[in-house]
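These notes concern the structure reproduced below.
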């Protein structure tokens, strides 16, 4: 929980226009991704916005918004409007962090609201040439899109190595290690739904199940 958020340093200037700021920053983010060649034939999953309280990940033509600050909820409709300016986006899923927002004094649990963020929806994405099935009910937005470069780097140093991926979730790092010709890859996570997807992702990428496997176990207990 943040007690204070500093939105403007110079109080002598014009008052901060949050809507203009959102439009400027989101448009700049869209332009930067275009300049980076995103999306591409090998990557259609990437982070569009990474800020305190607001995360926007793009999965194909779907944008998933993770909201964890009251100011984000206040400007929800305008944020959605700005995201819709990205021609690629056809659908948006809004995922508020209910418990965190409660700490900020914003209780979304009103009697007439359906607060279920469960979609039972899976999406197939590709990142650096590796395919994934992800769940929109998973952690954060359903995928740690901000780790794209780190996953790719791991694949470049895994040749001939034995790799252990702790808290592996749906297998992002483990799959990259296997694609990078690791001798043996083991992923450990306590979530059965995440590991189910991780195992599906082995088959999806035609990887050798004899070289990559996933274990359901508490990470701390496993390390002991």
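Among beta bridges from DSSP that stay inside the stretch 18-113, the antiparallel ones total about 65%.
Across the chain, counting alpha-carbon atoms alone, Rg and Dmax equal 19.5, 65 Å. Between 144, 169, 75, the Gaussian network model of the chain with springs among Cα atoms under 10 angstrom shows the greatest mean-square fluctuation at 75.
Compared with the dominant principal axis of the Cα atoms in the chain, helix 192-204 is inclined by about 60°.
Once the Cβ-Cβ distance between residue 183 and residue 149 is put in as r, and R0 is 25 Å, what FRET efficiency do you end up with, to the nearest 0.05?
So the FRET efficiency works out to roughly 0.55.
The per residue volume of the convex hull around the alpha-carbon atoms of the stretch 123-223 is 90 Å³. Restricting the calculation to Cα atoms, the stretch 18-113 shows an Rg/Rh of 1.00 when the hydrodynamic-style radius is the Kirkwood one.
Bear in mind these aren't lab numbers, they're just calculated from the coordinates by the rules spelled out. Not measured: the values here are computed from a predicted model. Cβ: placed from backbone, ideal geometry, glycine included. Neighbour counts: every protein chain shown.
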